[in-house]
Amino acid sequence: MLERDWAFLEVAAGGLEEYLQSSILYYPLGNTRKAQGLLQLTLGNLLVTTTRLKAANWDETEKLALNDLLERIEAIRKRWMAGWDKKAEQEIPARLNLWQNSLNEWADTREHTLAGYRHQVRWRVILHLLLTETVNRYHEESILAGLDSRLRMISTPGDFLWEPEIEQGFSRQTYWYLYLKV
């Protein structure tokens with residue numbers, strides 16, 4: 001799974017500058033062979049992917065390659081900070097809506113599987129990462145706190161949901177929703 005994250009990061013880094021200048025929130029990564037089957041470029045997808053990749057243990061060559069990619073992304077971020085901030089502000093309500101709808105369905109029908117939750121909890125991680133990118137998002141943070149309360153009511157503590165090799169990058173205290181049984 002981390003191979004897909006790595007491929008996404010490489011392709012996303014190449015299209016990030018154009019994405020930050022565009023008005024499109026969910027940006028297609030192109031038609032190259034490498035881009036096939038990858039997520040669309042959003043700031044949230046970029047943030048969660050970089051967090052996942054930073055959490056893994058890489059050999060020295062891979063660490064250098066990852067650091068080069070991250071430095072490229074950071075340079076683009078600094079150059080296009082207004083676009084970066086705008087994308088974060090656009091994506092927060094969109095991801096909040098997806099997470100809220102998913103959680104409402106889950107609580108109402110209880111028909112989702114653990115595999116479904118494992119995929120959809122990505123939206124909650126993205127919300128956490130996006131909210132750290134912005135300031136004064138009290139309305140969204142309030143809604144998210146209510147959703148978190150609801151999630152706690154329909155879940156119990158469990159094991160880490162994603163790949164074991166990245167668990168060290170997602171503390172149980174901060175990312176508690178990645179350690180649940182629903």
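The values are calculated or read from the model by the stated rules, or taken from the named source; none is laboratory data. These numbers come from a predicted model, not from an experiment. Cβ placement follows ideal geometry from the backbone for every residue including glycine, while neighbour counts extend to all protein chains displayed.
Pairing each residue of the range 46-71 that is assigned by TED's automatic domain parsing to the domain that holds Leu16 and free of Cβ contacts under 8 Å to residues at least 12 places away in the same chain with any residue that is among the aromatic types (Phe, Trp, Tyr) and crowded, with 18+ Cβ neighbours inside 10 Å, provided the two are 6+ apart or on different chains, yields no C-beta distance under 8 Å. With a requirement of 3 or more residues that are modelled with pLDDT of 95 or more and within 21 Å of Ala56 (Cα to Cα), the helices (runs of 4 or more DSSP H) lying completely within the range 74-182 that satisfy it span 114-133. Out of Glu89, Glu10, one residue alone is over 23 Å from Arg124 (Cα atoms) and either charged (D, E, K, R) or buried (at least 19 other Cβ atoms within 10 Å of the Cβ) (or both). It is Glu10.
Out of all the residues in the range 155-169, is one or more buried (at least 18 other Cβ atoms within 10 Å of the Cβ), over 18 Å from Asn45 (Cβ atoms) and among the aromatic types (Phe, Trp, Tyr)? No, every residue in the range 155-169 fails to be buried (at least 18 other Cβ atoms within 10 Å of the Cβ), over 18 Å from Asn45 (Cβ atoms) and among the aromatic types (Phe, Trp, Tyr). Tell me, yes or no, whether the range 129-143 has at least one residue that is outside the structural domain of Gly169 (by TED's automatic domain parsing) and among the small types (Gly, Ala, Ser). Checking the range 129-143: not a single residue is outside the structural domain of Gly169 (by TED's automatic domain parsing) and among the small types (Gly, Ala, Ser). For the range 156-182, a tally of residues being hydroxyl-bearing (Ser, Thr, Tyr) and under 16 Å from His119 (Cα atoms) returns 3. In the range 129-145, the residues that are in contact (Cβ under 8 Å) with a residue 60 or more places away in the chain and closer than 13 Å to Arg95 by Cβ form Cβ pairs under 8 Å with partners that are of a type in the set (S, T, N, Q) and assigned to a helix (DSSP H, G or I), at six or more places apart or across chains, as follows: Leu129/Thr51.
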